[in-house]
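The values are calculated or read from the model by the stated rules, or taken from the named source; none is laboratory data. These figures come from a predicted structure and were not determined experimentally. When we count neighbours, we look across all protein chains shown, and the Cβ atoms used for this are built from the backbone with ideal geometry, even at glycine. Just so you know, the surface numbers come from the protein's heavy atoms only, side chains and all, with ligands and any DNA or RNA stripped out. Shrake-Rupley method; radii C 1.70, N 1.55, O 1.52, S 1.80 Å.
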Amino acid sequence: MASTAHDVLTAQFIAEVRRDLALSPKQLQSKYLYDPLGSSLFDAICRLPWYRITRSELRLLSRHAREIVDALGRSGSLDGDGTIVELGCGSGEKLVILAEALQDRGASAHVHLIDISSQALEQTEQRLTRLHFSVVGHQSTYEDGLRTDAAARDRRGRVLVLLLGSNIGNFDPPAAAAFLSRIRAMLAPGDLLLLGADLVKPVDRLLAAYDDPLGVTAAFNMNLLVRINQELGGNFDLARFRHRAIWNAPAGRIEMHLVSGVRQQVRVAAADLDVRFDAGEHIWTESSYKYDPDQLLAMGRQAGFPSSRQWIDPDARFALTLFTA
């Protein structure tokens, strides 16, 4: 099963690299940043003083975990038959906070993890297993994983879906709204969605978070080219590219790019692709949209969540919103 999932993801990787490097501007999907090395680099980014999202979210979760768990309890009988589904589990650090709050309440839950990174799944499974939680991992994209999980999961009790870490910011606003609607369609009345989202803040703080002085974010971005070289037979010369982060104010997003320093041609053997670059031409690798709190609430209502609670870290400018179906 694991081999089959890996083969499917590799075929998808090849197809999307072939498609996206033929676009103008050239692009690569941000989900492919998270191979084992990329996941480790992102863990390091989360500890940088300039990247405050993770620490802010952990504080909010620690402060409000009991309220979140109690909301799940009020939605139905929380006797160990509830289910938590996390999209993009990362290191599992955040999920552990909710798991411990459940244990303090004398309850448990079945945990389903959906992540494209095998390392993230392994780390989180190890953390949750030590807490004696039942854990099922799906190495998959969010949408494929949700479909597989919903079809395979034996619905017992209420469901809490976690979409944390401002992962919603990687979707453009129409796609984000559509994705929340698809999540809602898989939930029953009384089920919950906990959404983490980064908020608009001063531009200098945003740029420092995505182009840190230590160069960790640059390494994270450049590793996407390393991954293509290793997995798809590419011949990208990293010395000929540089990392660039910009704030696109009209669109309300930070963009990460890889900029070609010279005129060059690159071969990606597995995709049977030759790509020409002009000097200064870029590959757009990630978007991170920033929200206002009211935008998040409105997006949830439009997706079919009639009620919500929201907690905001005013200093770091980050929001957790708990939507009830």
From L48, L41, L58, residue being under 17 Å from H243 (Cβ atoms), at pLDDT 95 or above, open to solvent by less than 40 Å² (accessible area, probe 1.4 Å) and in a helix (DSSP H, G or I): L41
Mind telling me which of the residues D272, D294, D237, D315 ends up being open to solvent by 60 Å² or more (accessible area, probe 1.4 Å) and either within 20 Å of L23 (Cα to Cα) or polar (S, T, N, Q) (or both)? D272
Segment 298-325, residues that are in a strand (DSSP E or B) and aliphatic (A, V, I, L, M): I312, A319, L320, L322
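When the residues of segment 72-90 are narrowed to those that are surrounded by 19 or more Cβ atoms within 10 Å (Cβ to Cβ) and among the small types (G, A, S), which ends up modelled with the lowest pLDDT?
If we filter segment 72-90 for residues that are surrounded by 19 or more Cβ atoms within 10 Å (Cβ to Cβ), which is where we start, we get 72, 75, 78, 82-90.
Among the residues that remain, those that are also among the small types (G, A, S) are: 75, 82, 88, 90.
On the way: S75: 47, G82: 79, G88: 89, G90: 81.
Looking at the filtered set, the residue picked out is S75.
Just a yes or no: is a residue in segment 3-15 among the charged types (D, E, K, R), open to solvent by less than 80 Å² (accessible area, probe 1.4 Å) and either without any contact (Cβ under 8 Å) to a residue 60 or more places away in the chain or not in a helix (DSSP H, G or I) (or both)? Break it down into steps so the answer makes sense when it comes.
Our first condition is that a residue be among the charged types (D, E, K, R); within segment 3-15, this holds for 7.
Right, trim to open to solvent by less than 80 Å² (accessible area, probe 1.4 Å) and you get none.
No.
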What residue, of V216, V159, is under 20 Å from the mean Cα position of the chain (by Cα) and farther than 30 Å from H110 by Cα? V216
Going residue by residue through segment 214-234, is there one that turns out to be in a loop (DSSP other than H, G, I, E, B) and either more than 24 Å from W50 (Cα to Cα) or at pLDDT below 95 (or both)? yes
Filter result for I53 (in contact with an Asp or Glu (Cβ under 7 Å, 6 or more places away or on another chain) and open to solvent by less than 30 Å² (accessible area, probe 1.4 Å)): yes
